[in-house]
Amino acid sequence: MTSHTMRFAACAAAVVALSAGAIAQSTLTPDQMKYRPGRPDFDNTPVEMIPVQGSVYLISTGRSGNIAAQIDDEGVILVDASRADASVDVLAQIRKLTKLPIRAIIDTTTDLDHIGGNDNLARTGTPLYQVAAGATPQAQVFAHEKAMRRISAPTGRVSAVPQALWPTDTIAGAKEKLYFNHEPIELQWAPGHTDGDVLVWFRRSDVIAIGDAFTTTAYPRFDRARGGTIQGVLDVLNRVIDIAVPEFNAQGGTRIVPGHGRICNQADVVEYRDMATIIRDRVRDLSKAGRTLNQIKAAHVTLDYDGQYATPDYTGEMFVEAIYRDLTAAPR
């Protein structure tokens, strides 16, 4: 055996050994390996704070919803509160930067992985505005009035969400403006994922927290039972694309904090919008051509995107079915 052959064999053996070791150490399930080979296990990812831009930080909580935190010399405003069991770690991350209180939490949606920590975190803070005499002196929790109506079960049914997690203050209409920590903040009604979602735009920091209309880890979800639609999701994405300003070659500039996943810019939202539009159009065209839902699923219309966005709990077929049900449902 020549020295060249021996070196090649040694390298090949090393690669095999490294691959085997990586597989042995992986905690991913077979389904996770199928959809996203090598994808990290987000359930075991520690809570950490990452600077975004200006006064805004991303508090990443792993598989649960992201938190955007505006922190400066007047205190802290949070966009979403993640799940309840992450609250201690979330507060510990905030305390690394400031001892000032949390003054408000803005709920982008009413999903429990976004509002589960509302009570835990709000009780550590103080109100953003003066509250009624006798009220508990804690951070205020803002949401859109449509979200409040759904979460509070106004028809007389018992709410599935504990009252301690409900918003304490609501916004009505398309927009509400705040001024805090030396910058204007816009809360914009953004019906898409549900009909009560909002996005939050920190105008001086130039950061938009968009909520679950945009994630980097999965196909977009929308809940028809709570007024969500695929067109609503696309409308929200197009609005963010319109607001965002790239710095150079569609990169940099405005930063976008998704409901789940990494910090993004305008180009990332454009890519996500295009993906959702293409799949929506494929489903719509096949449906108009008389194909059944099963036939559309069999056409694998998400195949070119599954490697990036399909997950075990929300596959491409599930996304296709959600679109199909939305497009073929009777008008509201």
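The values are calculated or read from the model by the stated rules, or taken from the named source; none is laboratory data. Being a predicted model, the structure only gives us computed values, none of them experimental. Positions of Cβ are generated from backbone atoms using ideal geometry, with glycine treated the same way; all protein chains shown enter the neighbour counts. Heavy atoms of the whole protein, side chains included, go into the accessibility calculation; ligands, DNA and RNA do not. Shrake-Rupley method; radii C 1.70, N 1.55, O 1.52, S 1.80 Å.
Before moving on, here are some points about what is shown:
- Heavy atoms of the protein chains alone define the surface here; on that basis the range 167-237 has 32 Å² accessible area per residue at 1.4 Å probe size.
- Evaluating 6.51 cos²θ - 1.76 cosθ + 1.60 at θ = phi - 60° for every residue in the range 163-168, the Karplus couplings come out as 4, 4, 9, 6, x, 9 Hz, glycine and proline recorded as x.
- Square roots of five times the Cα gyration tensor eigenvalues for the range 82-215, Å: 21, 19, 16
- Volume per residue of the C-alpha convex hull in the range 237-296, rounded to whole Å³: 102 Å³
- Exposure of Y305 as accessible area (Å², to 10), given a probe of 1.4 Å and all protein chains: 50 Å²
- For D111, net neighbour charge (Lys/Arg +1, Asp/Glu -1) across residues whose Cβ lies under 11 Å away: -3
- Rounded accessible area of Y57 (nearest 10 Å², 1.4 Å probe): 50 Å²
- From the Kirkwood radius over Cα pairs of the range 208-332, Stokes-Einstein at 4 °C and 1.567 mPa s returns a whole-number translational diffusion coefficient of 86 µm²/s.
- Selection of trypsin sites (Lys or Arg not before Pro), the range 41-128, meeting DSSP coil and at most 16 other Cβ within 10 Å: R63, K96, K99, R123
- In order along the range 297-309, the phi-based Karplus estimate (6.51 cos²θ - 1.76 cosθ + 1.60, θ = phi - 60°) of 3J(HN,Hα) comes to 4, 5, 6, 6, 6, 9, 4, 6, 10, 4, x, 9, 10 Hz; Gly and Pro are listed as x.
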